[in-house]
Amino acid sequence: MSDSTAVPRRVLLLAIPVCIAGIAAVTAAVVTFARTPHSLQDLLSIGALFAVVIVAERFPVPIEGVDAGVSLVFVFAVATIVLFGWQAGVIVAAGATGIARAIVRRAPLRIAYNSSTFALCALGSGLAIQQIDGSSTAALIAQVAVCALVYEILDLVLISGVLAMNTGRPFRKIIWANTRQTAAPFALMASASLMLVVLWQRSPALSVALVGPLLAIALYQRSNFAALRAMRLALTDPLTGLGNHRHFHERLQRELTAAEGDGKELSLCLVDIDDFKRINDRFGHPAGDRVLGQVASRLRQGGESFRLGGDEFAVLLPGLDERSAVAVAQSIIERVGALDLEQIGEVTVSAGVATYPSQGVARDELIRLADSALYWAKEEGKNRARTYEASALELTSLQELAAGPDRAARYRAAASLAKAVDARDAYTGSHSERVGELAARIARRLGVDEKQTELIRLAASLHDLGKLAIPEEILRKPGDLSESERLVLERHPQIGYRMLESLGVEPIAEWVLHHHERWDGAGYPDGLRGEEIPLGARIIFVADAFDAMTSERVYRDPLSEADALAELERCAGTQFDPMIVDAFSAELGLRIAPAPAVLAS
């Protein structure tokens, strides 16, 4: 039961009768115990066990899957019952646990219910062993075994019952889960109870040799469990219980290494909730969190799953080829589609699959390919799974740029590739889209005709296409690049040119190739200077630099538009074409400057 003051009525229907029965058991135990003569040694022994139980209850042993842990009260309660009878067992189990829980200020009803549970467990197990006579070793083992078994059964029934009443979950499922989680720990503690009884019968002083280590083990396990839990939390998404972004990257790298060593395949499935923003906006974030939890539970059935952030998930599928992985992805989509969420209605997901080694070999490459497949699953109508196919995705997209039937189709194709680039780069938001828009504004200001302006927009949105082949570690590095890393990065214009040039999309390919050439000839890749540089490339260079300066980066804060424009003006005539900087200033309304009409070259 929770400590909340609002107790459901159905909980009271069980709690009140149990508390009444528990009080009756404690009363009967106290009266009977008081009427029975006891030696001073027995009283001191029971008092010592009473004190030990208080300590044990204050420091339960953490067990994986059991929220409150397992208390060593069981060990000492069973030993007390076998050694001194059910009356002493009820007093020690119920009284000591009640005091321990009162010290930490548990809710009164919770204290009463748990203490009553312990009282009834001690009463039932104590009465059960009265039927076992004899002082032989076999009789002693039987007494401890029966006492422990009856105690555990009663405890499981009463605790599972109140949990079922409180949560509304089926009693059968709760008691089965609790039995599986606690059976092994209780069996070990029953053995400890037997050892404690044997030692106590030989000499109560000898029992300290067992009581001390038991408490020490409990304290050590608490410390060790806390450390392990902290490590686990660092790798776990708190909302869904799935592995988090960091855990995903670590596991993917390990699985890739294992797959390489074993010569096996490994598939990665990325899953994204369709129209999740609409769910949050319409029903609120609590409803969105509920959807995330439900989707996560369906993902667990598919493979080792992770939440990467927001509404994005990943599933690792070791040993599965492309076809099998797509089948798993489709089954995930179907399970999510079968969700029945009140008020929210239908929830769907899209999935993208990439497979090692047939499609990608490096970790970041596999993620990029799966993300590309996921994007196209979204583009094709959502609620479906797609596998990565270079010819069917990126190549087809580029061909749409050259031969698309309308401008909207070309924009969609450009946007898909720009999205793949931006997802890997260190910019925030849609950098490529922003550069395309800025470049089109500059072109219009310069008097470029509308057809050429649209080509410049497309080229600007694809200016970083070659970065798809650049390692993500270089693209996202927060500090300065080494000389070798810089040389690798500076290859991206040539890579983008080769991707575009073979598809006949001139002059876009030429502009992409030269968009890092400087006005003074110190740029790359060909060291062109002045008007040797195509106009489209010069426009893209200015738009790209401005957006880079005004965008938030890992290693610095963004500049204001005025400060960024001042930097462009400072570098006009060396890095940038002065005419284009002037036109851009006028376009932004920060300077009144003539903008001569020119022809794109």
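Residues of segment 535-551 being surrounded by 21 or more Cβ atoms within 10 Å (Cβ to Cβ) and not small (Gly, Ala, Ser), which ones?
535, 538, 539, 540, 541, 542, 544, 546, 547
Read through the list (1) touching a residue at least 12 places away in the same chain (Cβ under 8 Å); (2) under 20 Å from residue 17 (Cβ atoms), then give the number of the only condition that residue 171 fails.
(1)
Here are some conditions: (1) at pLDDT below 80; (2) open to solvent by 40 Å² or more (accessible area, probe 1.4 Å). Residue 194 meets all but one. Which one does it not meet?
Single failed check for residue 194: (1).
Look through 284, 212 and report the one residue that is at pLDDT 85 or above and farther than 29 Å from residue 354 by Cα.
The match here is 284.
Which condition does residue 518 not pass, out of (1) open to solvent by less than 50 Å² (accessible area, probe 1.4 Å); (2) not in a helix (DSSP H, G or I), if it passes all the others?
It is condition (1) that residue 518 fails.
So residue 349 fits all but one of (1) touching a Lys or Arg at 6+ places or on another chain (Cβ under 6 Å); (2) modelled with pLDDT of 90 or more; what number is the exception?
(1)
Assuming residue 103 fulfils every condition listed in (1) closer than 18 Å to residue 152 by Cα; (2) of a type in the set (A, V, I, L, M, F, W, C); (3) modelled with pLDDT under 90; (4) open to solvent by 20 Å² or more (accessible area, probe 1.4 Å) apart from one, which condition is it?
(1)
Checking residue 593 against (1) surrounded by fewer than 19 Cβ atoms within 10 Å (Cβ to Cβ); (2) more than 46 Å from the chain's Cα centre (by Cα); (3) modelled with pLDDT of 90 or more: exactly one of these is not met. Which one?
(3)
Only one residue in 310, 293, 319, 288 is in contact with an Asp or Glu (Cβ under 9 Å, 6 or more places away or on another chain) and touching a residue at least 40 places away in the same chain (Cβ under 8 Å), so which one is that?
319
Say we look at segment 261-272 and pick out the residues that are in contact (Cβ under 8 Å) with a residue 40 or more places away in the chain and either part of a loop (DSSP other than H, G, I, E, B) or open to solvent by 70 Å² or more (accessible area, probe 1.4 Å) (or both); which of these is farthest from residue 239 (Cα to Cα)?
Only one residue fits best here, namely 264.
Please verify whether residue 251 is farther than 25 Å from residue 382 by Cα, surrounded by fewer than 20 Cβ atoms within 10 Å (Cβ to Cβ), touching a residue at least 40 places away in the same chain (Cβ under 8 Å) and of a type in the set (Lys, Arg), treating the condition exactly as stated.
yes
Considering segment 90-139 alone, what residues qualify as being aliphatic (A, V, I, L, M) and either over 27 Å from residue 194 (Cβ atoms) or in a loop (DSSP other than H, G, I, E, B) (or both)?
102, 103, 104, 107, 109, 111, 112, 132
Would you call residue 498 open to solvent by 30 Å² or more (accessible area, probe 1.4 Å) and either at pLDDT 95 or above or of a type in the set (Lys, Arg) (or both)?
Spelling it out, residue 498 is indeed open to solvent by 30 Å² or more (accessible area, probe 1.4 Å) and either at pLDDT 95 or above or of a type in the set (Lys, Arg) (or both).
Failed condition for residue 481, given (1) modelled with pLDDT of 95 or more; (2) part of a loop (DSSP other than H, G, I, E, B); (3) among the aliphatic types (A, V, I, L, M), with all others met?
(1)
Please find, among 444, 384, the residue that is at pLDDT 85 or above, open to solvent by 50 Å² or more (accessible area, probe 1.4 Å) and under 29 Å from the mean Cα position of the chain (by Cα).
Sole residue among the options that is at pLDDT 85 or above, open to solvent by 50 Å² or more (accessible area, probe 1.4 Å) and under 29 Å from the mean Cα position of the chain (by Cα): 384.
So residue 579 ticks every box in (1) open to solvent by 50 Å² or more (accessible area, probe 1.4 Å); (2) more than 22 Å from residue 450 (Cβ to Cβ); (3) at pLDDT 85 or above but one. Which box is left unticked?
(2)
Collect the residues in segment 76-89 that are part of a helix (DSSP H, G or I), of a type outside the set (A, V, I, L, M) and modelled with pLDDT of 90 or more, keeping them in residue-number order.
Residues satisfying the conditions are 80, 84, 86, 87, 89.
Quick one: which residue in 141, 111, 54, 129 is surrounded by fewer than 24 Cβ atoms within 10 Å (Cβ to Cβ), over 19 Å from residue 155 (Cβ atoms), β-branched (Val, Ile, Thr) and at pLDDT 85 or above?
After applying the criteria, what remains is 141.
The values are calculated or read from the model by the stated rules, or taken from the named source; none is laboratory data. What you are looking at is a predicted structure, and each value in this text was computed from that prediction instead of being measured. When we count neighbours, we look across all protein chains shown, and the Cβ atoms used for this are built from the backbone with ideal geometry, even at glycine. Quick note on the areas: whole protein, heavy atoms, side chains included, nothing else; ligands and nucleic acids left out. Shrake-Rupley method; radii C 1.70, N 1.55, O 1.52, S 1.80 Å.
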